[in-house]
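*Asks:* Starting off with a structure, shown below.
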Amino acid sequence: MPVLPETEIIAKARAGDVQAFRILVEKHQAFAYSLSYRFLGNASDAEDVTQECFIRLWKNLPRYRAEVKMTTWLYKIITNLCLDALKSSHHRQSKRSANLESAETGQGSTATDQGIIQEELRDAIVKMAERLTPKQKAVFILRDLEDLSMDEVEDVLSMSPGNIKSNLYYARVSMSNMLRKYYQEEKPL
């Protein structure tokens with residue numbers, strides 16, 4: 001079967017073609033999970049948000065506007081779901097359970113030293129981002145970790161450019177301070 005452009009796949013999915021929708025899900029599933037995990041820091045919650053994202057996409061596909069990139073629309077859906085999840089008591093409960101689980105099991109890894117350092121930094125950033133306000137966290141993840149343009153962040157979050165810049169500034173200052181403190185407290189081997 002020839003590979004169709006995404007616009008045609010979306011058109012078929014909008015018309016109710018389940019196979020076309022499946023292609024969309026397979027194409028964007030890893031992206032949706034990755035973004036959800038960056039927000040929530042928990043695999044189970046990220047899986048739940050990813051699944052809910054595609055349920056909402058299917059239900060709202062008839063409202064999709066072709067001039068908007070599919071990824072921008074998905075960013076908006078995922079970000080809103082993640083912000084809602086962060087507000088819920090369920091997320092706080094599952095995050096505590098996951099922290100206990102990882103503390104009990106330890107972290108055995110056969111990765112190289114550089115890989116371990118990068119993984120440690122990524123984990124530290126995700127944990128530190130938890131301390132940001134929800135708006136700061138959303139702007140920081142979308143702009144700095146996902147590398148979206150200011151216009152895309154504005155579309156996803158429906159925030160003014162001034163609010164985005166302000167939240168991003170304070171998020172970066174907070175992250176910088178937390179990272180500096182984290183590495184100053186660490187003991188050399």
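*Asks:* Looking only at region 46-73, which residues are out of contact with any helix residue (DSSP H, G or I) (no Cβ under 6 Å at 6 or more places or on another chain) and either in a loop (DSSP other than H, G, I, E, B) or open to solvent by less than 40 Å² (accessible area, probe 1.4 Å) (or both)?
*Replies:* Leu57, Tyr64, Arg65, Ala66, Glu67, Val68, Lys69, Met70
Quick grid of which residues meet (1) under 17 Å from the mean Cα position of the chain (by Cα); (2) surrounded by fewer than 16 Cβ atoms within 10 Å (Cβ to Cβ); (3) at pLDDT 90 or above:
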| position | (1), (2), (3) |
| --- | --- |
| Val126 | yes, no, no |
| Val139 | yes, no, yes |
| Glu146 | yes, no, no |
| Asp155 | yes, no, no |
| Ser166 | no, yes, yes |
| Leu179 | no, yes, no |
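The values are calculated or read from the model by the stated rules, or taken from the named source; none is laboratory data. These numbers were taken from a predicted model, which means no experiment stands behind them. Positions of Cβ are generated from backbone atoms using ideal geometry, with glycine treated the same way; all protein chains shown enter the neighbour counts. Each accessible area value is taken on the protein alone, full model and side chains, heavy atoms only, with ligands, DNA and RNA left out. Shrake-Rupley method; radii C 1.70, N 1.55, O 1.52, S 1.80 Å.
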